[in-house]
Structures are given as structure tokens and as C-alpha cells.
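Chemist: Right, I'll just put the structure down here and ask away after.
The values are calculated or read from the model by the stated rules, or taken from the named source; none is laboratory data. Model, not experiment: these values are computed from the prediction. Cβ placement follows ideal geometry from the backbone for every residue including glycine, while neighbour counts extend to all protein chains displayed.
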Amino acid sequence: MLIFAIAFITAALVFYTMGVWAEHKKKVLTWPHVILFGLGFVCDATGTEFMRRIAQSDSFSFGGEAAQILGLIMAVTGALALLLMAIHFVWALYVMIKGSDRARAVFHKFSLVVWGIWLVPYFTGMVGGML
């Protein structure tokens, strides 16, 4: 099950990063960006569900104290990041459907913030898993 969690969360990294940086480079939100945000969110939610199941199983444990601290940081920031990704995706849909040209032009600033927050649980989980 771990391989599926890693695959989905890494796919989320790829889709979300592509969407955020393509939007940032273009300086305006477009439908392909929204699709990439959605794919990133779905992959992250799926990978997170796999990780939740692994964490609840008896076969899972973080290594030492440092790994446990990183695991806690990953859990808290991961929940926050997943919530922000959902808000980001829904807001992107709203901006594309009902938003103004100005809203489409400034949306990328919020995207970078959410992406930066999302990287925290990604890398703390990676490092915690190696300890």
C-alpha cells in the first residue's frame, strides 16, 4: 500500500507544480491550470487516504524521536495543505466561471502560497520516512 501512497502523492506534486508554475509564468489563470490543480488535489487526497490506512495499521511506525516529530509536522501541515488545495481548486473554478479578468490575473499569487505550504508535508514526510 505504501507504493500507492508514494505514487499518488508524487503525482500530486507533479500535477500541482505544473499547474502552479504554468499559471505563474502565464500570469493569468486558464482552464488547463484548473485541471492540473484538480488532478493534483485528487491525487493528494488519494495518497493521503492510503497513508491514513497505513498509519492505522499495526505494521506502521516512525523511527526515532526526530521521525516522530516530523510525522506530527507532516500530519498537521498535510491536513492544512489538503484543505488549502481544496479551497484553491474551488476558488479557481469560481474565478474561471464567474470571476473578472483582474481576478484571473492575480490568482497566481495565492497559488504560490498554497503550493509552498503543500511542500512542507511532502518533504517532512519524505525525510521522516528515511529516518
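Chemist: Looking only at segment 108-122, which residues are among the hydrophobic types (A, V, I, L, M, F, W, C) and either farther than 15 Å from residue 9 by Cα or exposed (fewer than 13 other Cβ atoms within 10 Å of the Cβ) (or both)?
Modeler: Correct list: 110, 112, 113, 114.
Chemist: Within segment 76-97, can you find the residues that are surrounded by fewer than 18 Cβ atoms within 10 Å (Cβ to Cβ) and over 17 Å from residue 35 (Cα atoms)?
Modeler: 76, 79, 80, 83, listed by residue number.
Chemist: Hey, another quick one. Read through the list (1) assigned to a helix (DSSP H, G or I); (2) touching a residue at least 24 places away in the same chain (Cβ under 8 Å), then give the number of the only condition that residue 49 fails.
Modeler: Every listed condition holds for residue 49 apart from (2).
Chemist: What tally of residues in segment 44-75 results from selecting those that are modelled with pLDDT of 90 or more and touching a helix residue (DSSP H, G or I) at 6+ places or on another chain (Cβ under 8 Å)?
Modeler: 6
Chemist: Does at least one position in segment 32-46 carry a residue that is without any contact (Cβ under 8 Å) to a residue 24 or more places away in the chain, of a type outside the set (Asp, Glu), crowded, with 19+ Cβ neighbours inside 10 Å and in contact with a Gly (Cβ under 9 Å, 6 or more places away or on another chain)?
Modeler: Looking for residues that are without any contact (Cβ under 8 Å) to a residue 24 or more places away in the chain, of a type outside the set (Asp, Glu), crowded, with 19+ Cβ neighbours inside 10 Å and in contact with a Gly (Cβ under 9 Å, 6 or more places away or on another chain), one finds at least one in segment 32-46, hence yes.
Chemist: Of the residues 95, 20, 28, only one is outside any helix (DSSP H, G or I), over 10 Å from the mean Cα position of the chain (by Cα) and either touching a residue at least 40 places away in the same chain (Cβ under 8 Å) or farther than 21 Å from residue 115 by Cβ (or both); which?
Modeler: 28
Chemist: A follow-up question, please. With the structure loaded, tell me whether residue 90 is in a helix (DSSP H, G or I) and modelled with pLDDT of 90 or more or whether it fails that test.
Modeler: Yes; evaluated as a whole, the condition is true for this residue.
Chemist: Please find, among 72, 36, 82, the residue that is farther than 30 Å from residue 131 by Cβ and either in a helix (DSSP H, G or I) or in contact with a Phe, Trp or Tyr (Cβ under 8 Å, 6 or more places away or on another chain) (or both).
Modeler: So the residue among 72, 36, 82 that is farther than 30 Å from residue 131 by Cβ and either in a helix (DSSP H, G or I) or in contact with a Phe, Trp or Tyr (Cβ under 8 Å, 6 or more places away or on another chain) (or both) is 36.
Chemist: Another question, if that's okay. Any residue in segment 70-81 that's farther than 14 Å from residue 48 by Cβ: show its pairings with residues that are small (Gly, Ala, Ser) at Cβ separation under 7 Å, as long as the two are six or more apart or on different chains.
Modeler: What qualifies is 70/128.
Chemist: Here is a list: 18, 1. Which entry is of a type in the set (A, V, I, L, M) and modelled with pLDDT of 95 or more?
Modeler: Going through 18, 1 in turn, just one is of a type in the set (A, V, I, L, M) and modelled with pLDDT of 95 or more: 18.
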